[in-house]
Amino acid sequence: MAELKAPVRFVILHATRTGSNYLCTVLNSHPDILCHHEIFNPHVVGVARHLQESGFTLGAIDERDREPEEFLQRVWRTPLGRAAVGFKLCLWQHEPAWRAVLADTSVRKIVLKRRNRVKAFVSLLLARQTGEWVVYDDRGAPAPRPKVTVDRDLLLENIALHERFYRETEAWLTETGQDYAQLWYEDLFAPGGIDPALAMLGLEGEPARPEGQTWKLAPESLRDTVANFDDLSRALRGGDLEAELHALGR
């Protein structure tokens, strides 16, 4: 009897509001990939969306937190017939799990970023204010977007936090000789945008991109959402962040 091939294991490493939920749903539409969401979220074990109402479970939160490495092994042992199994980790979410996957050179890494740092921060403010962190397109449209006020100093703090996260993550991967696929939020929606991830996983074919993808929760123009747009523009004048504030599209 032929021995079953072990699945490829992977993790998506990302900062907040970088399109990670969208990436998970698209990867899950590939016939060879099982991609869970935030299984180490403090409030929920976020399994893949298509499994969330099926009765499938990887375990309870207290069980996960008591034995995180055993929980990880359970994830790897449960690919449900897929050739690759993984999940996403936001910033330094759940430090024991973070340390374990970063140090494990057999776990393939996908690093997800967003070029427009101002839009990422505004999206974070909107999510905090509305409580809508993700809305799927088969569950109706999201509520109308409110106005938010952007504090320049808090924006800069958020950017610095994200830059430190990526700097430390990439430095560790480089120092330990680990290759990784780098993806950008702005490229996820274009043909070939996730090709680096598929190549890292050693897979071919295209995801189906079915119903159940995520709504974009911030407007194309930040002028429609940022209550102090003109004041913020003056505060950011002359730099890259001013251009990001005025940028249209994703």
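With +1 on the Cβ of every Lys and Arg and -1 on the Cβ of every Asp and Glu, and nothing else charged, how large is the dipole of the chain about its Cα centre, in debye rounded to the nearest 20? Don't jump to the answer; show the numbers that get you there.
Numbers: 31 positive and 36 negative charges, 59 e Å.
I would put it at about 280 debye.
Once you place label points 7 Å from the Cα toward the Cβ at ARG115 and GLN52, how far apart are they in nm?
Between ARG115 and GLN52, the simple spin-label model gives 3.0 nm.
For the chain, what relative contact order do you get, as a whole percent, if you take Cα pairs closer than 8 Å and at least 6 residues apart?
26 percent
Under 28 Å Cα-Cα from LYS5, which lysines qualify once same-chain neighbours fewer than 8 residues away are excluded?
LYS88, LYS109
Only bridges with both residues in the chain count here: give the DSSP antiparallel percent, nearest 5.
Antiparallel: roughly 10 percent of the beta bridges in the chain.
Run the quick spin-label model on VAL44 and TRP172: label points 7 Å from Cα toward the beta carbon, then report their separation in nm to one decimal.
2.6 nm
How large is the accessible surface per residue of the stretch 19-115, computed with a 1.4 Å probe and reported in Å² as a whole number?
41 Å²
Mean separation of Cα pairs under 8 Å and 6+ residues apart, divided by the residue count of the stretch 1-150: what relative contact order is that in percent?
33 percent
Would you calculate the separation in nanometres between label points at HIS246 and ARG234, each defined as 7 Å from the Cα along the Cα-to-beta-carbon direction?
1.6 nm
Using only helices, what value at 222 nm comes out for the chain when you add -39,500 (n - 2.57) per DSSP H run of length 4 or more and divide by the total residues, to the nearest 500 deg cm²/dmol?
Helix-only estimate at 222 nm: -11000 deg cm²/dmol.
The values are calculated or read from the model by the stated rules, or taken from the named source; none is laboratory data. These figures come from a predicted structure and were not determined experimentally. Reconstructed Cβ throughout: ideal geometry from the backbone, glycine too, with neighbour counts over all protein chains shown. SASA here: full protein model, heavy atoms, side chains in, ligands and nucleic acids out. Shrake-Rupley method; radii C 1.70, N 1.55, O 1.52, S 1.80 Å.
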